[in-house]
Amino acid sequence: MDTNEMIDRYVNEVGEHLPRKTRADIEMELRSLLLDTLEEQSGGEPTPKMAAEVLREFGHPEEIAAQYHADEYLIGPKLFPTYKVVVTITLVVVGVLHLVGLGFVLWQSAGTDIIDDSLATIFSFFRTAVINAGIVTLVFAVIERVAGDSLDVPQKQAKTWDPFELPPVKDPDRINRGEVVVEIFFLAAFAAWLNFFPNWFGAANFGEGGILALFTPEFIVLVPWFTASLLLDLVLKTAVFVQGRWYRITRWLEVAKDLFGLYVAYRVFALEEISIVPFFTWGAKAILAIVLIIGTLEIIGQLYRLLLGRPFTPKAFIKSRLV
């Protein structure tokens, strides 16, 4: 590793712990400061050893990043990008469910009360959206308070860090611990929902339309398979969170987990009826077909990378076949 690469890795590592809005400016300022300091101390052509000493004097990348933002947050900079994504997905899902529910109610009533049903759906959407956004915010705030310290490098490790072991600027095996914590939480919540609140999963309340069982008994029988797939994913993500990055063994376990998930998805796809509502069955099968295709391509890419040691791209694959 030469001097410039070591500085690039250090600056990138600091940037990983900064808000996206200010990351570029701070990285540029930090890189300039490091180069100036290194030039002054070396008095000539700097060596990697000199660069390592300068970086040690500056401090651990996370300690440097902490100097650029306040200490107290409702949701800190590590979790905030993921928080925005989860809130957006939650609102989209709530909106889609309300539109589907409105369409089902209008279909049952033949559109006789279209204005009243539409106004009731709009009111229900805003009420549900506010409640769910509040719940997501509360969950992230709790994660920030409970798991925030575990997202940081322990103090002992910060004192003994080695600049020569900084990860590459583009490291596909690096994980974002904040995102992994959120994934673990929602995986556990979804597994609990399927197994401890089965009535919530098998029915839906459409206002005055009453409670309607949406899923067929054949589909409900597959819930334990869903649970097994979720638990495998939960255990794997917990192991990766503890390790802080992906390793070869966990990548192979990921392939095995994804194969099992595809098997469960195929069993659902093969059902003659997923829901008692034909529209839901058609929509679910269309989504599952896309999931099966994308999942198969992802597994091929994972195997290609694990066996050949490089990312999978169509160009590289064709080239390797020709060779």
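Structural remarks
Matching residues to (1) of a type in the set (Val, Ile, Thr); (2) modelled with pLDDT under 80; (3) assigned to a helix (DSSP H, G or I):
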| residue | (1), (2), (3) |
| --- | --- |
| 127 | no, no, yes |
| 130 | yes, no, yes |
| 138 | no, no, yes |
| 153 | yes, yes, no |
| 169 | yes, yes, no |
| 172 | no, yes, no |
| 178 | no, yes, yes |
| 188 | no, no, yes |
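- Looking only at the range 235-266, residues that are closer than 21 Å to residue 296 by Cα and of a type outside the set (Asp, Glu) come to 20 in all.
- Selection count, the range 263-278, where residues are under 15 Å from residue 215 (Cβ atoms) and either free of Cβ contacts under 8 Å to residues at least 12 places away in the same chain or charged (D, E, K, R) (or both): 4
- Restricting 226, 260 to residues that are farther than 26 Å from residue 135 by Cβ and either modelled with pLDDT of 85 or more or among the β-branched types (Val, Ile, Thr) (or both) narrows the list to 260.
- Restricting attention to the range 102-125 and to residues that are among the aliphatic types (A, V, I, L, M) and surrounded by 13 or more Cβ atoms within 10 Å (Cβ to Cβ), the residue that is modelled with the lowest pLDDT turns out to be 106.
- Residue check, residue 99 part of a helix (DSSP H, G or I), modelled with pLDDT under 80 and surrounded by fewer than 16 Cβ atoms within 10 Å (Cβ to Cβ): yes
The values are calculated or read from the model by the stated rules, or taken from the named source; none is laboratory data. Every value quoted in this text rests on a predicted model; they were computed, and no experiment measured them. Backbone-built Cβ (ideal geometry, glycine too); neighbour counts: all protein chains shown.
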